[in-house]
Structures are given as structure tokens and as C-alpha cells.
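The values are calculated or read from the model by the stated rules, or taken from the named source; none is laboratory data. Keep in mind it's a predicted model, so treat the numbers as computed, not measured. All Cβ positions, even for glycine, are placed from backbone atoms using ideal geometry, and neighbour counts span all protein chains on display. To get the accessible areas, we keep the full protein, side chains included, count just its heavy atoms, and leave off ligands, DNA and RNA. Shrake-Rupley method; radii C 1.70, N 1.55, O 1.52, S 1.80 Å.
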Amino acid sequence: MGPTPEVLEKFRKKAELVSAIVSEVDSMAQAIAYTVDLCSQKEACQLLMSGCEESLSDKGRDLCELKQFGKIIAAPALNDADLAELVKQAASREISVIKDGMRSHLAGIDIGFTVADYGIGETGSLVIDSSSEELRLATMVSEIHVAVIPKSRIRATTEDLYDELKGFQSRKPNYLAFVTGASRTADIERVLALGVHGPLELHILILEDK
Amino acid sequence: MQTAKTLSDYNKELREALDNTFLRGAMEKFATAYPVGRANAFREYDVKALIDEVAKVKDAGISRLNELYAEFKAKAEANGIKVHWAKDGDEANEIVARIAKENACKKIVKSKSMTAEETLLNHRLEKDNLEVIETDLGEWIIQLRSEGPSHMVMPAIHLSRYQVAELFSQVTKQDQSTDIQRLVKVARRELRRQYAEADMGISGANFAIAETGTIGLMTNEGNARLVTTLPRVHVAIAGIDKLCGSLNDALKILRVVPKNATGQAITSYVTWISGANECQSAPGNKKEMHIIFLDNGRSEMAKDPLFAQVLRCVRCGACANVCPVYRMVGGHQMGHIYIGAIGLILTYFFHGREKARNLVQNCINCEACKHICAAGIDLPRLIKELHSRILDEEGHPLPSLLLGKLMKNRKLFHTFLRTAKMAQRPLTGGTQYIRHLPHIFSKDHGFKALPAIAAKPFRDRFESLKPRVSAPKYRVALFSGCVQDFVYPEQLEAAVKVLGAHGVEIDFPMDQSCCGLPLQMMGEKKASIDVARQNIDAMAGSYDYIITLCASCASHLKHNYPFLLGENDAQTKAFAAKVIPFSAFMTDVLGVTDEKFTQTHQRVTMHAPCHLCRGMGVVEQPRKLLALGGYEYAQAEQEQVCCGFGGTFSAKFPGVSEQILKNKLADAARTAAEVLVTECPGCIMQLRGGAEVNKSGFAVRHIAEVLADHLK
């Protein structure tokens with residue numbers, strides 16, 4: 001049973017209101033193609049990580065120089081079949097795919113690719129079980145976070161997900177994230193700036209899964 | 001961080017803040033943008049119902065904090081977390097220092113925690129040569145400047161991009177541009193390495209859910225996620241008031257806080273941590289995790305029948321966002337560590353009377369905070385109560401004590417006012433204003449012309465004015481309050497004329513006195529209780545309604561009397577039920593039509609008195625009445641923002657009062673109205689006096705007067 005068209009519409013609208021980029025895809029292969037395309041178009045950022053073009057202190061710059069890899073997509077929790085597809089598509093564009101070792105990439109990676117557990121229409125939020133440290137970091141240190149959300153998993157409100165959420169919290173241990181839009185701040189003169197610590201962009205791909 | 005010792009030092013600092021042009025501009029922009037964003041965020045919701053829910057779940061938690069703590073501790077410890085209880089800030093700080101030592105930590109990254117600000121944790125850790133780095137952008141900026149936050153949600157709101165650029169230039173030893181987007185990127189890079197190098201992360205917690213031992217964190221920047229993930233040790237510090245029973249409780253609070261704080265549907269990130277999670281940099285691949293619950297007076301507060309509600313606070317900062325005083329002077333003058341209305345209260349409980357003494361007086365009692373509070377806390381009442389408590393503890397100043405004694409004795413008080421009329425003559429120069437202020441007052445108080453005391457108070461005129469109504473529709477008593485009785489009797493006369501023309505029989509019980517609000521504003525609670533009792537006795541006749549033309553009197557009689565005399569006092573209850581403001585009586589009870597009024601369509605604008613629009617919930621009635629009365633009503637911007645009077649407030653904090661007034665007059669002037677109408681003699685005193693000095697070019701009048709003008 002999927003969401004009603006109203007719930008789906010609200011999910012999209014609310015997510016877009018906080019500058020998420022929302023698209024619909026018919027298959028995981030299409031989601032992967034979207035992600036690989038996005039990564040290969042991301043030319044400028046590949047050369048310079050976000051912020052590294054600025055005047056930094058010597059120590060601040062250190063981490064910029066650590067990045068000697070090419071473009072990277074991290075997809076820590078992808079199943080084997082989807083991962084194989086991603087690796088295949090990425091290879092033709094000279095993009096490497098990693099599924100672990102995120103701690104060696106704290107300076108930043110291009111894209112973190114995840115499949116979200118649930119979506120919440122009321123706020124346009126994604127619910128992502130982030131108990132795996134690799135997954136958690138992939139959604140934090142990536143410049144772009146691409147999250148696939150199977151359409152059937154979008155609910156109207158957090159209350160509609162109550163049992164599921166409580167289920168996560170009852171696991172030992174658990175690290176659960178509600179992600180709504182990109183990382184943002186308005187701490188300087190209340191001017192909105194995206195990408196202060198986490199991703200600069202959030203792309204949500206609603207996956208048709210009926 | 002407010003630390004002034006005396007009220008006069010405090011006023012000096014307030015002056016400096018008022019003269020800070022950037023701060024004023026930033027505050028103005030925020031004050032006008034915030035209500036729009038908030039309204040937008042709540043558009044699809046029943047706000048009151050949501051807030052009631054928050055109050056309900058918080059109250060339920062407050063009543064069983066010990067139980068919740070025990071449950072949380074059991075669940076969390078079964079899940080690998082070490083849970084600590086700290087009786088005060090020092091103890092909390094020692095626990096953190098000990099954890100750092102035991103785990104050989106050197107560098108600490110922190111995400112925003114007001115609780116850690118409360119305990120001054122950073123100072124303690126720095127004593128042990130630990131390097132502590134704030135990672136929330138605003139917190140990092142103020143840390144680098146060695147300042148405290150000026151807002152609970154936007155700690156660096158008092159700073160400009162130029163100041164930040166200069167600061168970042170010093171920190172990076174590179175010239176920085178003043179482009180905000182670029183400054184944010186500099187912070188991104190500079191702080192990223194700190195996360196990577198830190199061995200301890202310190203966070204706060206917005207929620208501590210007992211049933212699963214889960215903490216919840218709201219952030220927009222995502223810094224809390226990195227702080228709780230990368231370092232091998234994580235210490236969360238939270239007040240015990242953050243404990244709640246279930247996820248359901250937390251979700252109810254989560255639905256309200258971001259909307260009320262910043263007008264966001266939800267923060268970018270909400271992080272729920274249940275147990276010590278995977279951490280690749282920690283031994284055994286498992287995070288060393290601690291949660292410290294800080295009491296610091298909260299347990300005692302939870303037992304206080306009145307002040308327990310303070311623990312409902314969810315730290316959204318909205319009470320500052322709407323505070324007209326905060327808007328003028330910013331957060332560093334409106335709290336010690338916690339800011340805004342709630343800050344004035346928490347300062348007393350967490351940081352002591354010394355720090356709170358001046359602060360609790362800086363409330364103009366406009367009730368804007370009460371009506372925006374995410375948890376429905378009656379903030380202005382608690383502030384007044386604290387003021388009174390501090391006076392009881394420290395001794396009442398002589399003038400305040402004398403005023404209390406004077407007002408308790410109506411005859412003496414009224415004789416005093418009559419005598420003052422004679423004494424003021426050299427100052428009025430025969431006009432209706434006091435033209436020359438005695439020298440001691442003139443410097444700060446010259447921003448408005450003060451009215452003179454009327455030649456003959458209303459009580460002496462009433463018998464001759466009393467309309468003879470045959471077969472009256474209603475029998476009402478007029479409660480005048482002292483300002484209208486002795487300063488503006490013409491307003492009451494106008495009301496008598498209008499009411500009489502509509503078949504209302506009016507009585508003016510002679511034993512009535514001041515409503516007692518000024519006493520409460522000065523912290524003289526005992527005297528205000530005596531006065532309340534006297535007034536209830538005075539108005540005990542068989543009246544259908546008790547009408548007042550003073551919004552402050554109305555709201556004080558209706559809401560504060562039951563509070564002062566006990567909610568179950570039958571006589572008080574019956575009295576309070578009859579109290580109604582003039583405009584509400586005219587429209588809601590009498591249902592007046594336009595037939596009796598000449599329709600000139602003269603353009604008027606309005607100031608909505610705080611105690612009318614918020615205190616009494618009367619918003620539409622005066623607008624409607626003006627239209628029926630033959631006027632064209634033009635709504636001024638910020639119609640419901642305080643005029644800056646606040647009774648004794650304007651005498652105590654003239655600088656702040658003046659600036660609030662100036663905004664008000666400018667808003668009114670922009671409507672190009674010929675008359676600024678309001679329904680409270682206190683507001684009229686402020687606005688008319690200001691319009692006179694500023695030569696604003698419009699008249700300031702009571703709604704009863706403009707109606708009487710049009711009476712056919």
C-alpha cells in the first residue's frame with residue numbers, strides 16, 4: 001500500500017521548500033544512472049572540495065590536500081546487485097565507488113548514495129537508520145547526498161510511523177536520523193547558507209515500487 | 001551576559017545597546033520577519049492545541065522526573081551508556097573533566113548546548129588544558145570572541161558579516177571576504193579538521209526518552225551528527241527537564257519547537273541515539289558514551305506549584321523573538337546566560353538573585369512572550385512574581401514600600417493625587433502637559449510630554465453627568481482606574497455619553513481605587529492583594545457588567561485578581577466574570593449599529609493595547625466599533641506591539657521605552673491617519689506625550705472619545 005497522491009505531493013513540496021531536489025525514478029538502475037550522471041557533471045567540485053577555494057589557515061588547508069582521489073561515490077549500505085550496477089555505471093565515467101573506509105575520506109567525497117527507510121509527508125523528511133558508522137559518515141561528509149526513497153515507504157506523519165520508529169529505538173544500539181533538506185545555517189546575519197557542515201545538496205529519488 | 005550591579009549601571013549598558021546601530025537594525029529585521037515565518041509554519045495547524053499538548057506532556061514529565069530518570073538510566077545503561085546525575089553545574093563539569101581524563105582526551109568538539117553554557121563547562125575544561133571547540137557556526141563565532149550567546153537559537157545574531165570576516169581573518173591569518181556564503185565555507189573547512197582530530201564530542205540533548213533510553217538532538221547544520229560520530233567518546237549533557245516518557249511525547253514537542261523557533265517545519269537534522277553505537281576510532285569499535293543529567297535547582301523547582309511550569313521550556317527562544325525590550329537591546333542585556341523572558345526567570349534559579357535583580361525589572365509586561373511560548377508558560381506573571389520574591393528577600397526599597405502603603409489607603413491616595421494637582425502648576429504652564437520636568441527627571445524622561453492631573457477628577461463630576469435612563473437594557477458599573485479618574489476624566493465622560501445614548505444605566509462606585517497593577521509591577525504583591533479585595537468589595541452591587549476603558553485594568557481585574565485572591569474565591573470569580581472592556585461591551589453585548597453615529601469616514605489608525613489584544617483577547621471589536629462609529633480604519637504595521645509604556649517600566653527604563661515608542665509613532669504615521677485611536681489611558685499617556693514631542697501630526701485619542709464625537 002503506497003501513499004495517497006496528496007501525501008506524495010506534500011512530501012515533495014515540503015522537501016522542495018527546504019531546497020531538496022526531488023525526482024521520481026522507475027528502478028534502482030535509473031536511480032544509479034541519475035547519481036552517476038550527477039557525479040560526472042560535478043566537474044568543478046571534483047577539483048576542489050567545497051570551501052577549499054577559500055583562504056584557509058595552514059591547518060585548515062591540510063585536509064584539502066589529503067584529497068588525492070578522483071571522484072568518489074560512497075554507497076555503504078547498498079545490496080550486492082545494486083552495488084555491482086553502480087560500480088559498472090561509475091567505472092565508465094571514471095568514478096570510484098566505495099562502501100567503507102569513510103574515515104579516510106573525512107575531507108569530503110562527492111556523493112553519498114543511500115536508500116532511506118521511510119519518508120514523512122508532513123515535513124518532507126527522510127528517516128534513515130544510520131547505525132552503521134560508514135553510512136552515517138557517507139551522509140555527512142558527502143557534498144551531495146542522493147537518497148532513494150521507495151514510494152510505498154512514504155507516510156503522512158511521524159505518528160503513522162510510530163511503531164517503526166519505536167522499533168528502531170528499541171534496537172541495541174541504534175542511531176536514527178531524520179534528514180530534511182541539506183545542512184543549513186543562518187547564523188551570520190540570519191542569511192541562509194547551505195552546506196555548513198554536512199551535504200550542500202540533498203537529492204531525493206522517489207522510487208516506484210508497487 | 002548581563003552582569004551590571006546596580007539599576008543605574010544596567011541602564012547605562014542598555015543605553016549602549018540602544019546606540020548600537022547594527023544591533024538595532026538586525027533586531028528590527030528579525031522582529032518583523034519572525035512572526036511571518038512562524039505564522040507560515042503553523043498555517044496548517046491548530047497552534048493552540050499543539051502548544052497545549054506540549055504543556056501537557058511536559059507537565060506530566062515534570063511531575064515524575066525521578067521516576068523518568070530511573071527508567072532512562074536503566075534502559076540506557078543496559079544499552080552501554082553511562083548515566084550520571086549532577087546536582088549542580090560544578091558537579092556536572094567535574095564529571096566531564098573526569099571522563100576526559102580517564103579517556104586521555106585532548107581535543108573536544110562541541111555541538112550547541114545551552115546546558116553546557118549554564119554550567120560554564122568550557123572554562124572548566126580549559127583549566128585542564130583541554131582544547132574545546134564549538135562547532136555550531138554561531139557558537140564558534142562567539143567562542144572565538146569570548147562572548148556569551150545573545151540568542152538561544154541564533155547565538156551570534158548581534159554580529160555583522162564584517163565582524164565575522166574580521167574575526168575569521170585573525171583566525172586563519174588570511175584576508176577573508178565579507179560574503180556570507182564564503183565565510184560559511186571557511187568555517188566548514190576550518191572545523192572539519194577539528195572533528196577529525198577530536199577524541200571527545202560533547203552535545204546537549206533536546207529529548208531524553210525514558211522508555212528506550214534514547215536522546216534526541218535537533219540541529220540544522222548537522223554538526224551534532226559529526227560531534228556524536230567521529231570522536232571516540234561522546235558526552236551528552238542535559239537538564240533533567242529534558243526527560244520525557246515516550247517517543248510520542250518527544251514527537252509532540254518536535255512538531256512545535258522548530259516552527260516556533262525559526263518558522264521551520266522541522267530542523268534539517270533530528271538525531272536519535274539509543275545506546276553506545278558503532279565507533280571505529282574507539283576500542284572494541286564501540287563508542288564510550290555518557291549522559292549527564294543536570295539538576296541545578298530543577299528538582300526543587302519541579303515541586304513549586306507556580307514555578308514548576310518553567311521546566312516546560314523547550315528552549316525555542318520565541319519569548320525573546322517577540323519581546324519589545326529584547327528587540328531594542330538584544331540578548332546580552334536580556335539575560336545572564338539564558339535569554340529573553342525565560343532567561344530573566346532562569347537566571348534567578350540557576351545563577352542567583354544577584355544576577356537576576358536588575359533583569360527581572362526589565363519586563364514591560366506586554367504578554368507577547370506568554371502568547372508565543374511553545375509550552376504555554378505564563379512568563380510575565382512569573383517574572384513579576386520573582387520580582388516580588390526578590391524584594392521580599394532583600395527588603396523593599398522605600399519608594400516602592402511607600403507607594404504600597406499609600407495605595408492601600410484609597411482616601412489617602414486620592415488626597416495625594418488631588419494635592420499633586422496643585423503642586424504641578426508651576427510645571428504645566430497652564431497646558432494639559434507638564435511642560436517642565438523637575439531637573440532630576442529631565443535628562444532621560446523628556447522623550448514624551450507628561451500629562452497634567454485634571455482640574456476635577458471624574459469621581460467629582462460623575463453625579464452631574466450620570467445619564468437618566470428609563471428601562472435600561474443593562475445596568476453596568478464603570479471601573480475607571482486612577483489614570484482616567486484623575487488624568488483623563490474626559491475619556492470616561494465620553495463613554496458615559498455613548499453608553500447612555502444606548503440605553504445603558506451606569507453607576508460609578510465611589511470606593512473603587514487603583515486596580516493595583518502598578519503595585520504588582522513594582523513587586524509589591526501584598527499591597528496589590530489588599531487593593532484587589534477593596535475593589536471587589538467596592539464593585540459588589542448588582543451589576544450586569546463591570547466596564548473598563550483601561551485595557552490594563554481590565555486584564556488585571558479579570559486575570560490577576562483570581563490569581564492573587566485564589567482561583568476558588570467565589571466572590572472574585574463572580575467579579576472577574578463581569579469585567580469587560582468598553583469596545584467588547586459595545587459590539588459583543590450591545591451589538592451597536594451605525595445608526596447612531598455620523599459617518600465622516602475620517603481616517604484613523606489603531607494601537608492595540610497589549611492587555612486588550614493579548615490580555616483580553618479583544619482584537620476585532622475595536623476595529624469593528626470604529627467602522628460602525630463612522631471612521632475609516634487603516635491598520636498600522638505592528639499594531640499589536642507594545643507602545644513602550646508598561647506603567648512604571650517607562651520610568652525605570654526610559655531609554656528603552658523611548659525607542660519602542662518611536663517605532664510605534666513611525667508605524668502610525670505611515671498610515672497617514674489623522675487620529676491614532678487606542679483603548680487604554682496608559683497607552684494614551686505614552687503615545688500622546690510622544691506624538692506631542694515628536695510633532696507626529698496626528699491626534700491620540702481614546703476610542704470612547706472618537707465615538708462620542710460622532711454620536712448623533
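Farthest toward the positive end of the dipole of the protein assembly as shown, out of B:32, B:450, B:339, is the Cα of B:450, where the dipole comes from beta carbon charges about the Cα centre. Under the convention that each Lys and Arg Cβ holds +1 and each Asp and Glu Cβ holds -1, the size of the dipole of region B:173-280 around its Cα centre is about 340 debye.
With a threshold of 21 Å on the Cα-Cα distance, the over-threshold entries among A:13/A:151; B:456/B:662; B:56/B:525; B:456/B:525 are B:456/B:662; B:56/B:525; B:456/B:525. Considering Cα pairs under 8 angstrom that are at least six residues apart, work out the relative contact order of region A:27-163 and quote it in whole percent. Reported as a whole number, the value is 25 percent. When the C-alpha to C-alpha distance is required to be over 26 Å, the pairs from B:73/B:287; B:112/B:355; B:12/B:370; B:384/B:558 that qualify are B:12/B:370. Given a 1.4 Å probe and the protein chains as shown, residue A:152 ends up with an accessible area of around 40 Å².
When both bridge partners sit in the protein assembly as shown, DSSP labels roughly 30% of those beta bridges antiparallel. Axis angle, to the nearest 10 degrees, between helix B:161-172 and the longest C-alpha principal axis of chain B: 20 degrees.
Sorting B:679, B:393, B:620, B:28 on solvent-accessible area from highest to lowest, probe radius 1.4 Å, gives B:620, B:393, B:28, B:679. Lys/Arg Cβ at +1, Asp/Glu Cβ at -1, dipole of region A:148-210 taken about the Cα centre: which of A:183, A:203, A:170 is farthest positive-ward? Value computed over the given set: A:170. Per-residue 3J(HN,Hα) values for region B:481-498, derived from phi via the Karplus relation 6.51 cos²θ - 1.76 cosθ + 1.60 with θ = phi - 60°, read x, 6, 5, 6, 4, 9, 10, 10, x, 4, 5, 5, 4, 4, 5, 4, 4, 5 Hz in sequence order (x marks Gly and Pro). Entry note, region A:114-172: relative contact order of 42 percent, from Cα contacts under 8 Å with a spacing of 6+ residues. Decide, for region B:1-146, between rounded, prolate and oblate: order the square roots of the alpha carbon gyration tensor eigenvalues as a ≥ b ≥ c, take rounded if a/c falls under 1.5, and otherwise choose prolate if a/b is larger than b/c, else oblate. Here region B:1-146 falls in the oblate category. With 21 Å as the limit, the listed pairs B:405/B:526; A:172/B:110; B:29/B:652; B:421/B:695 have A:172/B:110; B:29/B:652; B:421/B:695 beyond it between alpha carbons.
Placing unit charges on the Cβ atoms only, positive for Lys and Arg and negative for Asp and Glu, gives the protein assembly as shown a dipole magnitude near 2540 debye about its Cα centre. Taking 7 Å steps out from each Cα toward its Cβ at residue B:286 and residue B:398 produces label points 7.0 nm apart. For residue A:17, the solvent-accessible surface with a 1.4 Å probe is about 130 Å², rounded to the nearest 10.
What is the distance in Å between the Cα centres of region A:176-202 and region B:637-674? Region A:176-202 and region B:637-674 have Cα centres separated by 37 Å. Relative to the longest principal axis of the Cα atoms of chain B, helix B:525-538 runs at roughly 40 degrees. Which part of region B:619-641 falls in the paramagnetic zone of residue B:674, meaning amide N under 20 Å from the point 7 Å along Cα-to-beta-carbon? Label zone hits: B:623-636. Using a ≥ b ≥ c from the Cα gyration tensor of region B:563-615 (square roots of the eigenvalues), is it rounded, prolate or oblate, where a/c under 1.5 gives rounded and otherwise the larger of a/b and b/c decides, a/b for prolate? Note, shape of region B:563-615 comes out oblate.
Rounded to the nearest 0.05, the FRET efficiency derived from the C-beta distance between residue B:526 and residue B:28 at R0 = 41 Å is 0.55. Axis angle, to the nearest 10 degrees, between helix A:80-91 and the longest C-alpha principal axis of chain A: 40 degrees. Note on the protein assembly as shown: dipole from Cβ charges, positive end direction compared against A:156, B:257, A:141; the farthest Cα belongs to B:257. Counting only DSSP beta bridges with both residues in chain B, what percent are antiparallel, rounded to the nearest 5? Percentage antiparallel, nearest 5: 25. Heavy-atom accessible surface of residue A:130, to the nearest 10 Å², is about 0 Å², with a 1.4 Å probe and all protein chains retained. As a length-normalised measure over Cα pairs under 8 Å and 6 or more apart, the relative contact order of chain B settles at 12 percent.
The DSSP beta bridges internal to chain A are antiparallel in roughly 25% of cases. Please give the calculated 222 nm ellipticity per residue for chain B, where each DSSP H segment of at least 4 residues contributes -39500 (n - 2.57) and the sum is spread over every residue; nearest 500 deg cm²/dmol? Computed ellipticity for chain B at 222 nm equals -14500 deg cm²/dmol. Taking a straight Cα-Cα cut-off under 12 Å and skipping sequence neighbours fewer than 8 places away in the same chain, the aspartates and glutamates within cross-link reach of residue B:286 are A:133, B:278.
Treating r as the C-beta distance of residue B:666 and residue B:470 and R0 as 45 Å, the FRET efficiency rounds to 0.40. For region B:151-165 versus region B:515-569, the spacing of their alpha-carbon centroids is 43 Å. Helical content alone sets the calculated 222 nm signal of chain A at -10000 deg cm²/dmol, taking -39,500 (n - 2.57) per DSSP H segment of four or more residues and averaging over every residue.
Computed over protein heavy atoms with a 1.4 angstrom probe, the accessible surface ordering of B:453, B:157, largest first, is B:453, B:157.
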